[in-house]
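Asks: Structure provided below as structure tokens; questions to follow.
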Amino acid sequence: MNKNYYAILMAGGVGSRFWPVSTTEFPKQFHDMLGAGQTLIQKTFSRLSQLIPTENIFILTNEKYSDLVLGQLPMVGKDQILLEPAMRNTAPCILYASLKIKKLNKDALIVVAPSDHWIEDENAFSANLEQCFDYSKSDDNLITLGIRPTFPNTGYGYIEFNQTDSEAIKKVSRFVEKPAYEQAKAYFNSGNYLWNGGIFIWSASAIIEAFARFQPEMTELFMEGLPTYNTPDELSWIKENYAKAENISIDYAVMEEAENVYVLPATFDWNDLGTWSSLYDKLEKDSNENAIINATAFTENASNNIIRSSNQQKKIVVDGLDNYIIVDWNDVLLIYPRDKEQDIKKIASLVK
């Protein structure tokens with residue numbers, strides 16, 4: 001394995017659209033959402049460690065999830081878990097981790113990846129990642145892995161590239177926010193738009209230089225803590241200063257501003273597992289297209305449902321429902337139309 005390869009594994013989200021399974025106390029990345037025998041963060045860590053030395057994988061998460069990370073990833077040292085004392089979106093945590101990594105290795109090449117995505121062909125993922133690492137060695141480029149759209153999805157941001165670009169890794173023309181359906185349809189049909197999957201590859205030097213240019217105040221803040229990084233004083237400095245950073249995503253902070261941004265159209269299947277329906281798409285179904293996870297279910301005149309329980313011995317009987325989310329989880333029973341799943345986040349806050 002290449003000792004210059006590093007990963008920043010982002011595991012601080014709540015995944016509130018997967019309520020009641022995913023909660024603030026126990027978010028979706030720490031659940032076995034697919035019923036595959038591994039939680040999402042375990043699966044992602046395993047995927048990254050095929051190419052990146054285990055000791056070079058840093059996990060960024062909220063300080064309340066420290067014990068969950070250590071419990072599920074016992075091979076990780078405490079110094080590899082970067083605890084955020086406040087939620088500040090992706091830009092501050094990426095800058096903090098990148099400065100910490102560069103202090104360890106000035107030649108570091110970094111992949112930033114969410115902890116809760118589904119990727120089936122892990123060999124293709126590793127090959128794409130290696131290709132991007134090789135590309136970022138020679139030039140200070142910022143690279144993202146773009147996902148080829150399979151339908152006009154309005155829930156993802158898009159990346160436009162020049163259709164005449166014959167290179168494997170293509171110059172990005174622009175990033176586009178989540179579009180309305182007609183616009184998404186036009187992007188899908190055009191052939192030169194990709195979904196923004198939120199996976200980034202760059203050298204530590206390149207991303208720190210980009211932050212210095214586009215986010216000077218944030219860079220100045222985290223540079224003040226540089227003497228403490230990788231020392232016993234790091235945690236106390238972060239606790240005292242992290243919340244001072246602006247709450248902003250890496251897309252807004254850097255990627256949409258920089259000119260040296262490139263995209264590799266990924267060759268692997270991908271799903272961000274952001275909603276119950278996206279999970280449903282990846283699960284095996286019965287003869288009536290019901291997806292059943294960790295439950296003993298009996299269905300009659302029921303189809304296209306996703307059924308989940310916290311107790312596999314619980315018998316769930318469903319009659320006459322089509323296209324529903326049915327989740328029996330601890331002290332909550334959710335029976336909700338799949339076509340209204342975007343409202344689950346709102347419903348969860350009301351129930352609380």
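Asks: Let me have the 222 nm mean residue ellipticity of the chain computed from DSSP H runs of 4+ only, each contributing -39500 (n - 2.57), with the sum over all residues rounded to the nearest 500.
Replies: Computed mean residue ellipticity for the chain: -8500 deg cm²/dmol.
Asks: Moving to a separate point now. Taking a 32 Å limit on the Cα-Cα distance, which of the listed pairs Lys314/Lys340; Lys282/Lys346; Lys137/Lys345; Lys3/Lys170 fall beyond it? Please list the in-between numbers first.
Replies: Details: Lys314/Lys340 26 Å; Lys282/Lys346 25 Å; Lys137/Lys345 41 Å; Lys3/Lys170 27 Å.
In this structure, Lys137/Lys345 exceed 32 Å between Cα atoms.
Asks: Now for a different question. Grab the Cα-Cα distance for Thr231 and Asp165, subtract it from 0.36 nm times how many residues apart they are, and report the gain in nm with one decimal.
Replies: Working: separation 66, 0.36 × 66 = 23.76 nm, distance 4.56 nm.
This chain segment gains 19.2 nm when fully extended.
Asks: For the chain, what relative contact order do you get, as a whole percent, if you take Cα pairs closer than 8 Å and at least 6 residues apart?
Replies: Values: 675 pairs, mean separation 68.6, N = 352.
Normalised by residue count, the contact order of the chain is 19 percent.
Asks: Between rounded, prolate and oblate, where does the stretch 1-94 land on the alpha carbon gyration tensor, with a ≥ b ≥ c its root eigenvalues, rounded for a/c under 1.5, else prolate if a/b exceeds b/c?
Replies: On the way: a/c = 1.91, a/b = 1.29, b/c = 1.48.
Because a/c hits 1.5 or more and a/b fails to exceed b/c, the stretch 1-94 counts as oblate.
Asks: Turning to a different aspect of this structure: Does the stretch 134-248 come out rounded, prolate or oblate by the C-alpha gyration tensor, with a ≥ b ≥ c the root eigenvalues, rounded set by a/c under 1.5 and, if not, prolate when a/b is larger than b/c and oblate if not?
Replies: On the way: a/c = 3.14, a/b = 1.93, b/c = 1.63.
It comes out prolate by the Cα gyration axes.
Asks: Within 10 Å, at most 12 other Cβ atoms, and a DSSP state outside H, G, I, E, B define an exposed site. Report the longest part of the chain free of exposed GluC sites (Glu not before Pro). Numbers along the way, then the final one.
Replies: Values: sites that count: Glu25, Glu120, Glu167, Glu177, Glu259, Glu284.
Maximal segment without exposed cleavage sites: 26-119.
Asks: Hey, of (1) 21.4; (2) 26.5; (3) 20.6, which did the structure itself give for Kirkwood radius over Cα pairs in Å when calculated?
Replies: (1)
Asks: Once you keep just the Cα pairs under 8 angstrom separated by 6 or more residues, what percentage relative contact order results for the stretch 155-284? Don't skip to the answer; put the middle values down first.
Replies: Values: 104 pairs, mean separation 36.1, N = 130.
About 28 percent, as a whole number.
Asks: Report Rg/Rh for the stretch 202-323, rounded to two decimals, where Rg is the Cα radius of gyration and Rh the Kirkwood radius.
Replies: On the way: Rg = 24.0 Å, Rh = 19.4 Å.
Result for the stretch 202-323 is an Rg/Rh of 1.24.
Asks: Given R₀ = 51 Å, what would the calculated FRET efficiency be for Ala212 paired with Tyr336, taking r from the Cβ atoms and rounding to 0.05?
Replies: Numbers: r = 46 Å, r/R0 = 0.91.
Given R0 = 51 Å and the Cβ-Cβ separation, E is 0.65.
Asks: Would you mind classifying the stretch 67-154 by shape? Square roots of the alpha carbon gyration tensor eigenvalues, ordered a ≥ b ≥ c; an a/c under 1.5 is rounded, otherwise it is prolate if a/b is larger than b/c and oblate if not. Each step should come with its number before you reach the end.
Replies: Details: a/c = 1.58, a/b = 1.22, b/c = 1.30.
It is oblate, given that a/c is not under 1.5 and a/b is not larger than b/c.
Asks: Just flag the chymotrypsin sites (Phe, Trp or Tyr not before Pro) in the stretch 1-106 sitting in loop per DSSP whose Cβ has no more than 11 other Cβ atoms within 10 Å.
Replies: Details: sites: Tyr5, Tyr6, Phe18, Phe30, Phe45, Phe58, Tyr65, Tyr96; in loops: none.
Sites meeting the loop and neighbour criteria: none at all.
Asks: If you count only protein heavy atoms with a 1.4 Å probe, what accessible area per residue comes out for the stretch 136-230, rounded to a whole Å²? Kindly include the intermediate steps, with their values, before the conclusion.
Replies: Working: 4460 Å² over 95 residues.
Per residue, the stretch 136-230 has an accessible area of 47 Å².
Asks: Where the centre of each part is set by its Cα atoms, how far does the stretch 199-255 sit from the stretch 169-186, in angstrom?
Replies: 28 Å
Asks: What percent do you get for the relative contact order of the stretch 1-105 when only Cα pairs under 8 Å and 6+ apart count?
Replies: Working: 134 pairs, mean separation 30.1, N = 105.
So the answer I get is 29 percent.
Asks: Roughly how far apart, in whole Å, are the Cα centres of the stretch 98-121 and the stretch 277-352?
Replies: 35 Å
The values are calculated or read from the model by the stated rules, or taken from the named source; none is laboratory data. Because the structure is predicted, anything quoted here is derived from the model rather than measured. Every residue, glycine as well, gets a Cβ built from its backbone with ideal geometry; the counts of neighbours run over all protein chains shown. Protein only, heavy atoms only, side chains kept; ligands, DNA and RNA dropped before computing areas. Shrake-Rupley method; radii C 1.70, N 1.55, O 1.52, S 1.80 Å.
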